[in-house]
Amino acid sequence: MNRIDQRFSELKEQGRKALIPYITAGDPAPQYTVGFMHALVEAGADIIELGVPFSDPMADGPVIQKACERALKQGTRLVDLLDMVAEFRQVDTKTPIVLMGYLNPVERIGYETFADKAASVGVDGVLVVDMPPEEADEFGPLLKARGLAAIFLVAPTTSNARAATICAHGEGYLYYVSLKGVTGAATLNADDVAEHLAPLREMTDLPLCVGFGIRDGVTAAEVAKVADGVIVGSALVNRIAESVDAPETIAGQLKSVLGEMRTAMDA
Amino acid sequence: MTVSATETKFSDLTRMPDARGHFGPYGGRFVSETLSFALEELEQTYLSLRDDPAFQAEFDRDLAHYVGRPSPLYHAERWSQSLGGAQIWLKREDLNHTGAHKVNNTIGQALLAKKTGKPRVIAETGAGQHGVATATVAARLGLECDVYMGAADVQRQKLNVYRMRLLGARVIPVESGTRTLKDAMNEALRDWVTNVDNTFYIIGTVAGPHPYPQLVRDFNSVVGREARQQSLAQIGRLPDALIACVGGGSNALGLFYPFVEDDAVAMYGVEAGGDGIETGRHAAPLSTNAPRGVLHGNRTYLMSDEAGQVSDTHSISAGLDYPGVGPEHALWKDVGRVSYVAANDKEVLEAFRELTHMEGIMPALESAHALAHAKVLAPTMRPDQHIVVNLSGRGDKDIMTVANIDGIEF
């Protein structure tokens with residue numbers, strides 16, 4: 001069983017919701033990333049989304065754009081991320097890892113080569129922001145054949161017909177984008193989210209995780225009431241941005257931000 | 001991916017893209033989910049109106065009475081004679097209202113925006129010509145208009161920035177990335193994803209996600225349809241060659257598309273050679289055989305490094321300063337229908353000056369790329385042969401750039 005499915009089935013037994021932090025790999029420099037990942041797990045992360053830095057992150061707001069710029073300035077490449085995952089796996093064999101990013105770096109490596117390497121280092125899922133299911137007919141099966149989950153987004157603008165297609169192709173979990181906009185934008189509205197999740201529940205057994213607009217323990221707890229998982233990105237990346245000159249303090253800060261969310265969600 | 005490019009026949013090229021927006025292995029709709037609905041809606045709106053005689057009549061009426069079409073096909077006799085070869089004919093898109101071919105497309109998309117009832121339009125712009133053309137149609141239809149422009153381009157195209165503001169548009173300088181056209185497009189996409197309910201995104205070139213490459217091509221094809229008729233009337237036959245500059249590639253596709261099945265008509269797309277192909281400082285993905293990649297919603301030839309990060313580009317002309325190219329051009333390169341070449345900044349400036357001196361026509365620096373290749377091609381041909389060059393825009397906006405190179409300050 002894929003680690004993602006395993007994790008959700010454990011959480012279900014425990015009656016808990018998944019807490020899924022996102023950080024951009026290589027931010028503020030590649031040597032810190034694996035340490036941050038372990039810190040996130042210690043603070044209660046159930047799954048880690050590791051961002052692949054890209055020169056043109058069209059779906060991201062300024063916080064993650066700048067994280068990409070910092071990581072790229074340090075020369076972080078997709079192949080380096082795979083090494084980071086391999087290093088992480090030497091210590092942690094249980095926490096699922098999802099690589100999240102844009103298609104072009106994967107295109108350059110080649111779909112099959114990438115899928116082989118990702119599977120061999122212990123990646124569990126892949127979310128390509130600019131690859132909807134309609135464009136995944138070549139890449140999707142290559143992931144599936146290696147036990148890697150192809151994770152897709154659902155947005156407030158997604159029609160029911162499209163949602164059905166996405167549910168049919170999706171694996172691991174569905175990433176529900178809580179608001180129209182880029183990452184790090186306004187705060188979400190939990191009632192609105194609940195309303196959009198209801199029809200998705202009818203269509204799929206996949207866990208429904210919600211991202212965009214989750215800032216603190218309060219919003220995390222609100223979302224956890226209606227969703228199976230809470231995804232938090234910009235709130236963490238912001239802390240990294242604020243402490244680029246004191247990188248040794250970042251792991252502790254990430255733990256405190258995420259820990260507050262964990263406590264609020266489990267209360 | 002669907003069919004491989006090499007299986008495609010020239011006659012198939014008129015039937016692209018397929019239902020999912022693919023041009024052979026290129027094109028498509030690589031966007032984040034939030035935009036999928038808006039693109040499906042736009043596709044349906046466009047497909048339902050494309051063959052609607054009332055819509056076509058309204059479009060034609062605007063092109064005639066607002067843009068001033070048809071634009072002339074002008075025989076540049078003196079310049080042809082001095083080059084000592086083929087006769088050069090200029091398709092005078094520079095004489096359109098707002099001074100470039102860009103307005104053909106913005107008129108069309110503004111009509112679509114009107115049909116969808118959205119009160120706000122946004123656009124990305126490089127040289128500012130598309131921004132001006134968008135601000136113009138927005139003013140005419142009473143739509144709110146925001147234009148994203150790379151901060152570097154805001155600096156080098158001050159005149160067009162002020163024109164847009166006079167027209168009532170807000171110009172938003174984009175400071176991220178390389179501060180040029182690609183970054184403006186990123187920011188426009190971010191705006192659209194946030195304001196998708198009330199905003200129509202008027203993309204200015206034959207790139208972006210499906211259906212943009214198709215509809216921008218179709219709206220610009222009036223250029224080639226006219227040029228074809230005018231050639232028959234004025235030359236007495238079809239021309240031997242067509243030349244157009246290629247950034248995203250909208251003026252080139254506009255001219256080329258109606259000739260695609262005329263096998264005897266050679267076609268040349270001229271990319272921005274910048275400081276010279278050998279320096280790496282250029283914006284010429286096709287003529288340098290850049291790898292395939294995905295950016296701004298489509299798969300195409302894309303300048304990127306080995307890790308898949310999009311490369312910095314360089315060109316004297318802001319309008320060609322883009323690392324990708326329309327997906328239909330990518331296919332046309334693979335099947336060999338169009339030859340793609342590059343002209344460097346120095347050759348472009350020479351062509352700019354030559355046409356200005358010899359014909360009294362000041363071309364946009366973008367269009368001067370096409371002229372630079374005409375200078376190379378014409379002397380290799382006979383005086384009874386004919387080349388049509390798309391003079392896609394006028395050069396007023398570039399006077400400051402050229403003056404700076406000449407060391408002149410105002």
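Values in this text are rule-based calculations from the coordinates and carry no lab data. None of the values given here were measured: they were computed from a predicted structure. Cβ: placed from backbone, ideal geometry, glycine included. Neighbour counts: every protein chain shown.
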Could you work out how much longer the chain between residue A:246 and residue A:120 gets when fully extended? Use 0.36 nm per residue separation minus the Cα distance between them, nm to one decimal.
42.0 nm
If R0 = 30 Å, then residue A:266 and residue A:168, at their Cβ-Cβ distance, give a FRET efficiency to the nearest 0.05 of 0.35
Average beta-carbon neighbours from other chains, 10 Å sphere, peptide B:167-179
1
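Roughly how many debye, to the nearest 20, is the charge dipole of the protein assembly as shown about its Cα centre, given +1 on each Lys and Arg Cβ, -1 on each Asp and Glu Cβ, and no other charges? Provide the component values of the computation, followed by the final result.
Values: 62 positive and 87 negative charges, 216 e Å.
It works out to roughly 1040 debye.
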Okay, which of the stretch A:68-99 sit inside 16 Å, backbone N to the point 7 Å along the Cα-Cβ direction of residue A:14?
A:93-97
Which helices of chain A meet both criteria: a Cα extent of 18 Å or more along the helical axis and a mean Kyte-Doolittle score no lower than -1.0, with helices taken as whole DSSP H segments?
A:78-91, A:190-203, A:250-266
Averaging over every viewing direction, what projected area does the convex hull of the Cα atoms of chain B cover, in nm²?
18.5 nm²
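Determine the shielding of peptide B:38-48 by partner chains: average, over its residues, the number of Cβ atoms on other chains within 10 angstrom of each Cβ. Can you show the working numbers first?
Values: counts 1, 1, 4, 2, 0, 0, 0, 0, 0, 0, 0.
Averaged over the peptide's residues, the number is 1.
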Using the Cα gyration tensor of the stretch A:174-253, the equivalent ellipsoid's semi-axes, largest first and to the nearest Å, work out to 28, 12, 10
Taking the Cα-to-Cβ direction at residue A:192 and at residue B:57 and moving 7 Å from each Cα, how far apart do the two end points lie in nm?
4.3 nm
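Could you compute the FRET efficiency for residue A:42 and residue A:1, with r as their C-beta to C-beta distance and R0 at 25 Å, rounded to 0.05? Write out the running numbers ahead of the final one.
Working: r = 24 Å, r/R0 = 0.97.
Using R0 = 25 Å, I get an efficiency of 0.55.
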Return the subset of A:180/B:118; A:66/A:94; B:91/B:182; B:9/B:333 for which the Cα-Cα distance in this structure is over 23 Å, preserving the input order.
A:66/A:94; B:91/B:182
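Any idea what the relative contact order of the stretch A:3-266 is, in percent, if you count C-alpha pairs under 8 Å spaced at least 6 apart? Mind showing how you got there, number by number?
On the way: 500 pairs, mean separation 60.5, N = 264.
Reported as a whole number, the value is 23 percent.
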If you look at just the Cα atoms of the stretch B:271-358, how large are its Rg and its Dmax in Å?
13.6, 47
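Let me know the mean shielding of A:56-66 by other chains, meaning the per-residue number of their Cβ atoms within 10 Å of its Cβ.
Values: counts 14, 4, 15, 9, 3, 2, 3, 0, 0, 5, 1.
Mean shielding by partner chains, rounded to a whole number: 5.
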Please give the Cα centre distance for the stretch B:310-343 versus the stretch B:104-149, rounded to the nearest Å.
24 Å
Would you work out the charge dipole size for the stretch A:134-256 about its Cα centre, treating the Cβ of every Lys and Arg as +1 and the Cβ of every Asp and Glu as -1, and quote it to the nearest 20 debye?
140 debye
Round to the nearest 0.05 the FRET efficiency obtained for residue B:403 and residue A:87 when R0 = 45 Å and r is the Cβ-Cβ distance.
0.20
Order by neighbour count: B:401, B:199, fewest other Cβ atoms within 10 Å first, most last.
B:401, B:199
Give me the Å³ per residue figure for the convex hull around the C-alpha atoms of the protein assembly as shown.
149 Å³
Rg to Rh for the stretch B:1-160: what is it, with Cα atoms only and Rh by Kirkwood?
1.02
Comparing B:109, B:129, B:44 in a Gaussian network model of chain B (Cα, 10 Å), the one with the largest mean-square fluctuation is B:44
Place +1 on the Cβ of every Lys and Arg and -1 on the Cβ of every Asp and Glu in the protein assembly as shown, take the dipole about the Cα centre, and give the residue among B:86, A:217, A:141 whose Cα lies farthest towards its positive end.
B:86
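What is the Rg over Rh value, at two decimals, for chain A, using alpha-carbon atoms and the Kirkwood definition of Rh?
Details: Rg = 16.8 Å, Rh = 18.2 Å.
Checking Rg against Rh, the ratio lands at 0.92.
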Between residue A:94 and residue B:77, what is the label-to-label distance in nm when each label sits 7 Å out along the Cα-to-Cβ direction?
8.8 nm
Report, ordered by chain and residue number, the aspartates and glutamates lying within cross-link reach of residue A:117, taken as a straight Cα distance under 12 Å and ignoring same-chain residues fewer than 8 apart.
A:80, A:83
Under 10 Å, Cα contacts only: if you run a Gaussian network model on chain B, which one of B:243, B:203, B:235 comes out with the highest mean-square fluctuation?
B:235
Counted neighbours (other Cβ, 10 Å), sorted fewest up, put B:182, B:346 in the order B:346, B:182
What is the distance in Å between the Cα centres of the stretch B:20-82 and the stretch B:167-213?
17 Å
Distance (nanometres) between label positions extended 7 Å along Cα→Cβ at residue A:256 and residue B:356:
6.1 nm
Over the alpha-carbon set of the stretch B:257-410, work out the extent along each principal axis and list the three values in angstrom, largest first.
44, 43, 26
Applying a 10 Å radius around every beta-carbon, put B:206-214, B:110-118, A:194-202, B:130-138 in order of their mean neighbour count, most first.
B:130-138, B:206-214, B:110-118, A:194-202
